[in-house]
C-alpha cells in the first residue's frame, strides 16, 4: 500500500493533487502544529493578470496550536470577498462559467468553522471533480503517537506501520527532512514526487506564473486535460550512502 501524509492546504497547487493521485490512501496531517505564513490558509491566484496571494483570516492562529484547532474569522465575509475577487479576476478565462459555479456551490455547501475542515474539503472536492479515486483520512483519527517527543519523521513512520503501508511518497521539497536509511530499515520504500513543468495560456501572458492554486488551472484548462496532467510527474529516490543488507 502506498500512502502520503500532508498538512491540509487551501486549494493547493497542481502538484499536491498529483501526490493525491499517486497513492492509495492520503492522510491529512491535521493534529500537528499550525504553520504561520504557510499554505494552510493562503495561496496564490492571478489578479489583474498578476501574481496575488490571498489569505483566509483566522482567529488566534499560532504555531503553538494544532491545525484542527484553528478557527476561521468570519467565514461568510471572506467567502463573499473571495468570490468577488475570483469573478473580477477570471471572468474572461475560458472555463470561468463552469468552475466559478462549482466553487460558488462548494463554498456555500456549509459554513466552515475551522481552517482544517475547509482546506481538507477543498482538496477532496477538487480531487472528486478530477475523478481521483483515493481514500482520505485524518491523522487525528489515528492512534499513531508513541510519545510527545516523536520527530516528524517518526510520526510518518508510525502512520505507515499503522496503515500497513510499504511505500511512502513525499513532495520533493521535503527530501532533506527524511532519512532514507531509516525508512529502508523499516522496510518502507521512500520516494519523492517531482512535478514536471506545466505551462498553459494565462490571458495571453508571455511570462507564465507557475505553481498557482489549482483554481488557476481549472479556470484555464478543461477537466480532461487536467486529468492527464495529474500523471506528469517523476518519482525520485534519495541516495542512501550505507545500504542496509
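Here are the numbers for the structure shown:
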quantity: Unmet criterion (only one of (1) out of contact with any strand residue (DSSP E or B) (no Cβ under 7 Å at 6 or more places or on another chain); (2) under 17 Å from residue 15 (Cα atoms); (3) surrounded by 14 or more Cβ atoms within 10 Å (Cβ to Cβ)) for residue 131; calculated: (3)
quantity: Sole exception among (1) surrounded by 18 or more Cβ atoms within 10 Å (Cβ to Cβ); (2) part of a helix (DSSP H, G or I); (3) free of Cβ contacts under 8 Å to residues at least 24 places away in the same chain for residue 144, by number; calculated: (2)
quantity: Matching residues in the stretch 110-128 - criterion: being within 28 Å of residue 228 (Cβ to Cβ) and without any contact (Cβ under 8 Å) to a residue 12 or more places away in the chain; calculated: 128
quantity: From 238, 182, residue being over 17 Å from the mean Cα position of the chain (by Cα), surrounded by 14 or more Cβ atoms within 10 Å (Cβ to Cβ) and farther than 20 Å from residue 159 by Cα; calculated: 238
quantity: So residue 197, is it assigned to a helix (DSSP H, G or I), without any contact (Cβ under 8 Å) to a residue 24 or more places away in the chain and surrounded by fewer than 14 Cβ atoms within 10 Å (Cβ to Cβ); calculated: no
quantity: Which numbered condition residue 103 fails, given (1) assigned to a helix (DSSP H, G or I); (2) closer than 25 Å to residue 202 by Cβ; (3) over 20 Å from the mean Cα position of the chain (by Cα); calculated: (3)
quantity: Residue ranges of strands (runs of 3 or more DSSP E) in the stretch 1-96 with at least 1 members in contact with a helix residue (DSSP H, G or I) (Cβ under 8 Å, 6 or more places away or on another chain) and closer than 20 Å to residue 153 by Cα; calculated: 2-6, 25-28
quantity: Counted residues, the stretch 157-178 - those being without any contact (Cβ under 8 Å) to a residue 24 or more places away in the chain and part of a loop (DSSP other than H, G, I, E, B); calculated: 1
quantity: Residue match in the stretch 106-127 (condition: modelled with pLDDT of 95 or more, over 16 Å from the mean Cα position of the chain (by Cα) and part of a helix (DSSP H, G or I)); calculated: yes
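For (1) modelled with pLDDT of 95 or more; (2) surrounded by 20 or more Cβ atoms within 10 Å (Cβ to Cβ), each residue gets a yes or a no:
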{"site": "59", "(1), (2)": "yes, no"}
{"site": "62", "(1), (2)": "no, no"}
{"site": "69", "(1), (2)": "yes, no"}
{"site": "86", "(1), (2)": "yes, yes"}
{"site": "95", "(1), (2)": "yes, no"}
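Residues are listed down the side, and each one gets a yes or a no for (1) at pLDDT 95 or above; (2) in contact with a strand residue (DSSP E or B) (Cβ under 6 Å, 6 or more places away or on another chain):
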{"position": "164", "(1), (2)": "yes, no"}
{"position": "176", "(1), (2)": "no, no"}
{"position": "180", "(1), (2)": "no, yes"}
{"position": "194", "(1), (2)": "yes, yes"}
{"position": "207", "(1), (2)": "no, no"}
{"position": "210", "(1), (2)": "yes, no"}
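The values are calculated or read from the model by the stated rules, or taken from the named source; none is laboratory data. This one's a predicted model, so the numbers in the text were calculated from it and none came from an experiment. Quick reminder, even Gly has a Cβ in these numbers, built from the backbone with ideal geometry, and neighbours come from all protein chains shown.
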